[in-house]
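A quick write-up on the structure given underneath.
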Amino acid sequence: MQTIEKIDDASGVKSFLYVGGRDCQVAHLREIAESYGAELIHHDGGLREAVSRIDTLLPSVDCVFCPIDCISHDACLRVKTGCKKFSKAFIPLRNGSKSSLERALQTMKERNA
């Protein structure tokens with residue numbers, strides 16, 4: 001499983017899965033992702049969408065972000081297991097805030113500059 005340090009090029013991240021978080025933030029998170037040239041695909045972590053759907057989304061993304069304060073244990077475990085299976089970077093976020101995602105994307109960009 002990759003960690004944030006092992007992603008070759010932050011600008012190479014074309015799409016990522018964001019699992020969990022707050023529904024009211026998703027539009028803002030998409031704007032942040034777009035400002036870094038990436039597409040955000042959101043899964044609510046099992047509130048309304050089946051957790052099993054995560055397995056179908058993982059192959060099509062470059063990495064996965066999970067705000068650890070806004071995700072069920074089941075969804076988080078499914079993401080971690082799927083990331084190992086598909087060799088995707090798993091990036092836990094301290095919380096579901098917009099600034100937390102932006103910091104992570106900026107860190108990826110700086111480490112890979």
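The values are calculated or read from the model by the stated rules, or taken from the named source; none is laboratory data. None of these values were measured; they are calculated from a predicted model. FYI the Cβ positions are ideal-geometry reconstructions off the backbone, even for glycines, and counts take in every protein chain you see.
Taking region 96-112 as the range and being more than 12 Å from the chain's Cα centre (by Cα) and surrounded by fewer than 18 Cβ atoms within 10 Å (Cβ to Cβ) as the test, the residues that pass are K98, S99, R103, Q106, T107, K109, E110, R111, N112.
When region 15-37 is limited to residues that are among the charged types (D, E, K, R) and surrounded by 12 or more Cβ atoms within 10 Å (Cβ to Cβ), the one that is modelled with the lowest pLDDT turns out to be R22.
Only a single criterion out of (1) surrounded by fewer than 20 Cβ atoms within 10 Å (Cβ to Cβ); (2) in contact with a Gly (Cβ under 9 Å, 6 or more places away or on another chain) is not satisfied by R48, namely (2). Against the condition hydrophobic (A, V, I, L, M, F, W, C) and part of a loop (DSSP other than H, G, I, E, B), how does V79 come out, does it pass? Judged against the criteria, V79 is not a match. Please work out if L40 is outside any strand (DSSP E or B) and either crowded, with 20+ Cβ neighbours inside 10 Å or hydroxyl-bearing (S, T, Y) (or both). In short, no. In the condition set (1) assigned to a helix (DSSP H, G or I); (2) in contact with a Lys or Arg (Cβ under 9 Å, 6 or more places away or on another chain); (3) farther than 19 Å from S15 by Cβ, I54 is compliant with all but (3).
Does region 27-36 contain any residue that is in contact (Cβ under 8 Å) with a residue 60 or more places away in the chain and of a type outside the set (A, V, I, L, M, F, W, C)? The answer is yes, given that some residue of region 27-36 is in contact (Cβ under 8 Å) with a residue 60 or more places away in the chain and of a type outside the set (A, V, I, L, M, F, W, C). Of all residues in region 69-94, those satisfying the criterion of being of a type outside the set (D, E, K, R), exposed (fewer than 14 other Cβ atoms within 10 Å of the Cβ) and modelled with pLDDT under 95 are H73, L77.
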